[in-house]
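All remarks here apply to the structure that follows.
The values are calculated or read from the model by the stated rules, or taken from the named source; none is laboratory data. Fair warning: this is a prediction, and the values are worked out from it, not measured in the lab. Glycine also receives a Cβ, built like all others from the backbone with ideal geometry; neighbour counts cover every protein chain displayed.
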């Protein structure tokens, strides 16, 4: 079947399955009182969380339908399986918080699933240098990438709609990059990820009616890691996700190491009359939101748009780096 037809089918299936799972899961979360406070709102409304399984299950269900249509169904299923494991780790963390040090270790497990597919080629494409020959060094780097991508995406999930909108901005410019690599399974997975995220974004955008939880953010991070590994575009996804990585690194450094968000005593920002500003306390951790509000307080939607534009800039920069500075 022609690639364009499969991509179109992936878009439709992703939207359809995601909408169905959202409609089934959200009422169950409400009935079981799985609700979390929206701490950036003056009245602190309680929002259904975690809705992450609606996104990950839609991705997996769509992948199962599409697998027989692609050249390497094992690789396509491997991306979904590795992402599903990350979503399960996130769901465990949502229900009963995991340790700040044990979670990064657990997030290396999805990398082993991708290794087992046999579809990975340890020759990533690098800017300026072209194809690298890493071989044995590649596999520990792959495990590290899963942990870094998953945790970085997780730390970007701070304001209403910020995570999905930033993911759209960072990854849509990479579609032509993946097309040039000829790895159809990676392209289909990326289109599928964007499709299953869209119904979630409509519910998570300001003012949010749902929260994804770690089961959503860790799933997204692992999916991006799997897509980049299967298309040898790890370096370009890293450039595209620089705002995520820098934000996560700043937070880790400012709190003195890996610490669960629930264990951080002081918040990076303070909220007053619906305006968000960086916490003036020198002991407060530094985050992307704190950096953007250090000079003046801003409203939540304004910050979300700024972060999304920064992510879009990184995505475009990554795309230009591939086409202008990378031998192929």
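Structural remarks
- Test: residue in the stretch 265-279 that is over 14 Å from residue 150 (Cβ atoms), outside any loop (DSSP other than H, G, I, E, B) and at pLDDT 95 or above: no
- Residue 137 more than 27 Å from residue 54 (Cα to Cα), part of a helix (DSSP H, G or I) and out of contact with any strand residue (DSSP E or B) (no Cβ under 9 Å at 6 or more places or on another chain): yes
- Residue 134, sole failed condition from (1) over 23 Å from residue 326 (Cβ atoms); (2) in contact with a helix residue (DSSP H, G or I) (Cβ under 8 Å, 6 or more places away or on another chain); (3) at pLDDT below 90: (1)
- Filter result for the condition that a residue is in a loop (DSSP other than H, G, I, E, B), under 19 Å from residue 215 (Cα atoms) and touching a residue at least 40 places away in the same chain (Cβ under 8 Å), over 99, 78, 119: 99
- Of the helices (runs of 4 or more DSSP H) lying entirely inside the stretch 143-239, the ones with 1 or more residues being within 30 Å of residue 46 (Cβ to Cβ) and at pLDDT 95 or above are found at 162-171, 184-204, 214-231.
- Any hit, the stretch 125-145, residues being surrounded by 19 or more Cβ atoms within 10 Å (Cβ to Cβ), within 13 Å of the chain's Cα centre (by Cα) and closer than 25 Å to residue 310 by Cα: yes
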